[in-house]
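Here the structure is laid out as structure tokens; the discussion comes afterwards.
The values are calculated or read from the model by the stated rules, or taken from the named source; none is laboratory data. Owing to the predicted nature of the structure, the values given are computational and were not obtained by experimental measurement. Here the Cβ positions follow ideal geometry from the backbone for every residue, glycine too, while neighbour counts run over all protein chains shown.
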Amino acid sequence: MSEAASFAAAPPAITTQAELDHLTANRPASAPEQHLTPDGPDAGQVRQQVDAMAENRIAHLQNRLQHVREGFERDYAFGQVQNRAQTDFERCR
């Protein structure tokens, strides 16, 4: 299966830290080349599109995980306040 075909497959519906780590670790490293001619006329453009798709997926995963993380932190903080308010109210009765 070519790399372009593997990116064409639909990504999983669930955003996971493992997928983000995998995609981040497998980012292509830019390396200087000895020649400036690609293998075909469209090889450079296709490679750029594949890289852009991978970078877009990484950015999407980071945004989703950050949003979930902020939600957990917010809910935890409000839970602490709510429990304290309930305890204070019951103490005053």
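One line per residue, one yes/no per condition, for (1) hydrophobic (A, V, I, L, M, F, W, C); (2) at pLDDT below 80:
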position	(1), (2)
Glu3	no, yes
Ala9	yes, yes
Ile14	yes, no
Gln17	no, no
Thr24	no, no
Arg27	no, no
Pro38	no, yes
Asp42	no, no
Gln49	no, no
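Restricting to region 68-93, what's the tally of residues that are within 27 Å of Thr15 (Cα to Cα) and at pLDDT below 75? It would help to see each step written out before you state the result.
Here is the first cut: in region 68-93, the ones within 27 Å of Thr15 (Cα to Cα) are 68-79.
Those still in the list that are at pLDDT below 75 too: none.
Total satisfying the criteria: 0.
Could you grab the pairs with beta carbons closer than 8 Å, sequence gap of 6+ or different chains, first residue in region 50-73 and free of Cβ contacts under 8 Å to residues at least 40 places away in the same chain, second one assigned to a helix (DSSP H, G or I) and exposed (fewer than 14 other Cβ atoms within 10 Å of the Cβ)?
Every condition considered, the pairs that remain are Ile58/Thr24.
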